[in-house]
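Novice: Pasting a structure here, questions to come.
The values are calculated or read from the model by the stated rules, or taken from the named source; none is laboratory data. Owing to the predicted nature of the structure, the values given are computational and were not obtained by experimental measurement. Cβ sites come from the backbone with ideal geometry, for glycine too, and all protein chains shown count toward neighbours. To get the accessible areas, we keep the full protein, side chains included, count just its heavy atoms, and leave off ligands, DNA and RNA. Shrake-Rupley method; radii C 1.70, N 1.55, O 1.52, S 1.80 Å.
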Amino acid sequence: MNLIVNADKNWGIGKNNELLIRIPNDMKMFRAATIGKVVVMGRKTLESFPNGMPLPKRTNIVLTRNKDYEAKGAVIVHTKEELLEELKKYPQEDIFIIGGESVYRMMLPYCTTAYVTRTDYVYDADTYFPDLDKAKDWALIEEGEEETYFDIEYRFTKYKKIETILDI
């Protein structure tokens, strides 16, 4: 299972249910990685999308405690157990956790690969991703060239869970 996130220097990922920055190349990479795949998110993440609609050309799975919640074109689950059961239907390598903070934290132990766009700036954030550089069970295995969007520097990185590296 994978996760994909854009995080600033302090691992901030959002503020007021919005991304901290929208970098066109990052959005392009996100689309390329997730098209035809399964994306898993919380209700607030879904509602942050244009018109609150599921992402096209993907299987969208939304986790919410609200038993009455409906989203046309999305699979709705209400508990971690229900989510894990639903995810058994798909190849693990096709699953991408896409947010928000509580869903990332809950699903991180089940993920083996993290695609992280690191933005070289500190934003005023109210949601954060766990610091994989300090995590004992994660290792940075790829770091792309530094790129810029206006005056913001960023790079695409890839982390692997260490037990996964040892299995190779």
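Novice: I'd like the full set of residues that are surrounded by 12 or more Cβ atoms within 10 Å (Cβ to Cβ) and either under 18 Å from F30 (Cβ atoms) or among the β-branched types (V, I, T) (or both), limited to region 156-168.
Specialist: Selection gives F156, T157, K158, Y159, I162, T164, I165.
Novice: Taking region 94-103, which residues are open to solvent by 30 Å² or more (accessible area, probe 1.4 Å) and under 21 Å from I35 (Cβ atoms)? Break it down stepwise before answering.
Specialist: So in region 94-103, the residues open to solvent by 30 Å² or more (accessible area, probe 1.4 Å) come out as 94, 101-102.
Residue satisfying the conditions is D94 alone.
Novice: Among the strands (runs of 3 or more DSSP E) confined wholly to region 1-81, which include 1 or more residues that are in contact (Cβ under 8 Å) with a residue 12 or more places away in the chain and polar (S, T, N, Q)?
Specialist: Numbers: elements: 2-7, 12-15, 38-42, 59-63, 74-77.
Strands (runs of 3 or more DSSP E) meeting the threshold: 2-7, 59-63.
Novice: Can you name every one of the strands (runs of 3 or more DSSP E) wholly within region 104-155 that holds 3 or more residues which are touching a residue at least 60 places away in the same chain (Cβ under 8 Å), exposed (fewer than 12 other Cβ atoms within 10 Å of the Cβ) and over 13 Å from the mean Cα position of the chain (by Cα)?
Specialist: Passing ranges: none, list empty.
Novice: Determine if region 133-149 includes at least one residue that is modelled with pLDDT of 95 or more, aliphatic (A, V, I, L, M) and in contact with a helix residue (DSSP H, G or I) (Cβ under 6 Å, 6 or more places away or on another chain).
Specialist: Checked region 133-149: at least one residue is modelled with pLDDT of 95 or more, aliphatic (A, V, I, L, M) and in contact with a helix residue (DSSP H, G or I) (Cβ under 6 Å, 6 or more places away or on another chain).
Novice: Right, next: Taking G36, is it more than 19 Å from K134 (Cα to Cα), surrounded by 13 or more Cβ atoms within 10 Å (Cβ to Cβ) and touching a helix residue (DSSP H, G or I) at 6+ places or on another chain (Cβ under 9 Å)?
Specialist: It is false that G36 is more than 19 Å from K134 (Cα to Cα), surrounded by 13 or more Cβ atoms within 10 Å (Cβ to Cβ) and touching a helix residue (DSSP H, G or I) at 6+ places or on another chain (Cβ under 9 Å).
Novice: Might you check whether a residue that is basic (K, R), surrounded by fewer than 18 Cβ atoms within 10 Å (Cβ to Cβ) and under 24 Å from M29 (Cβ atoms) occurs anywhere in region 66-89?
Specialist: No, region 66-89 has no match at all.
Novice: Is at least one residue of region 34-51 among the small types (G, A, S), within 13 Å of the chain's Cα centre (by Cα) and within 23 Å of T113 (Cβ to Cβ)?
Specialist: yes
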